[in-house]
Amino acid sequence: MDEQTHHDQLNSQWHSRWQKNEIGFHVSDVQPWLISHWPLFMGQNSSGCVFVPLCGKTLDIEYFLIKGQKVIACELSEVAVQQLFEQLGMTPDIKKWAGGLVYSGAHITVYVGDVLAMGEQELLGVDYIYDRAALIALPKETRCLYMAQLKTLCPKAKQFIITLDYDQSVTQGPPFAVSEQEIHEHYAGSFNVKRILHEDIIEDEPRFKKRGLLSLHESLYWLEPF
């Protein structure tokens, strides 16, 4: 199977899971590392625009809005975006963009479609990128395109990235394994890359233990452009 076919297949599976409400991956709380570390990174600067790629209906978006930040997001499934706005208690304004539909409300704009279709106009003014589960949702070739896209369109944006890493000879994604080496390979030439946290969470992830994994490492990176 070539990379494009694999990417298209994953997109189709994603649409199907939201349509069937098979969203066991959705977390019903704000990411704990976001709560504990985002204020430290932000310092006194509580404003700015945060880009949330592959957002689903994450409660992390409400966290940013409460903190007074503007949110730009992208999500493949329109069902997820509809549920996100219901969750926020907002009636969205719905228009079209080159990649599909765009839902917007007070301080939030969500593009429905493929993140790789986003261009300079859609990402204009982004100060921060919050990647909770985007990199690990993408197969390697697509990840490379995605990271190159962000470096080109948002070269000054600071990035908060959470990844998973595991033995890929035991099982394959999604979610895909993203190593510290891969983060450095793509970003170290343009960013100061700091791995802030690195924890083995296998005991909290029985689904991964069933796949035969003995360890599952979750990491938090903070990237600041030179």
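The values are calculated or read from the model by the stated rules, or taken from the named source; none is laboratory data. Quick caveat: nothing in here was measured; it's all calculated off a predicted structure. Cβ atoms come from the backbone with ideal geometry, glycine included; neighbour counts cover every protein chain shown. Each accessible area value is taken on the protein alone, full model and side chains, heavy atoms only, with ligands, DNA and RNA left out. Shrake-Rupley method; radii C 1.70, N 1.55, O 1.52, S 1.80 Å.
First compute the accessible area of region 151-226 with a 1.4 Å probe, then give the percent of it belonging to carbon and sulfur atoms.
Here carbon and sulfur together make up 47 percent of the probe-accessible area.
Given a Förster distance of 41 angstrom, what is the FRET efficiency for Lys96 paired with Glu199, based on the Cβ-Cβ distance and rounded to 0.05? Could you put the intermediate results ahead of the total?
On the way: r = 42 Å, r/R0 = 1.03.
Rounded to the nearest 0.05, the efficiency is 0.45.
Taking Cα pairs under 8 Å and at least six residues apart, what relative contact order does region 33-131 come out at, in percent?
Normalised by residue count, the contact order of region 33-131 is 31 percent.
Which aspartates and glutamates, on any chain, are close to Lys156 with Cα under 14 Å apart, when same-chain ones fewer than 8 places away are left out?
Glu120, Asp127, Glu224
Among Ala73, Phe208, Ala134, whose Cα sits farthest toward the positive end of the charge dipole of the chain (+1 at Cβ of Lys/Arg, -1 at Cβ of Asp/Glu, about the Cα centre)?
Of the candidates, Ala73 comes out farthest on the positive side.
Using 15 Å as the cut-off for backbone N distance, which residues of region 139-170 belong to the label zone defined by a point 7 Å from the Cα of His37 along Cα→Cβ?
Inside the label zone: 158-165.
Once amide H atoms are built 1.01 Å from N in the peptide plane, which residues 5 or more positions from Gly48, or in another chain, come under 5 Å H to H?
Lys70
Want the number for Glu86 to Leu214: 0.36 nm per residue separation, take away the alpha-carbon distance, what's left?
42.2 nm is the gain from fully extending Glu86 to Leu214.
Could you give the length gained on full extension between Ser104 and Asn45, defined as 0.36 nm per residue of separation minus the Cα-Cα distance, in nm?
On the way: separation 59, 0.36 × 59 = 21.24 nm, distance 2.42 nm.
Fully extending the segment from Ser104 to Asn45 adds 18.8 nm.
Give the relative contact order (percent, whole number) for the chain; include only Cα pairs under 8 Å separated by 6+ residues.
Values: 369 pairs, mean separation 35.4, N = 226.
Relative contact order here is 16 percent.
Over region 81-226, average the accessible area per residue using a 1.4 Å probe and give it in Å², no decimals.
49 Å²
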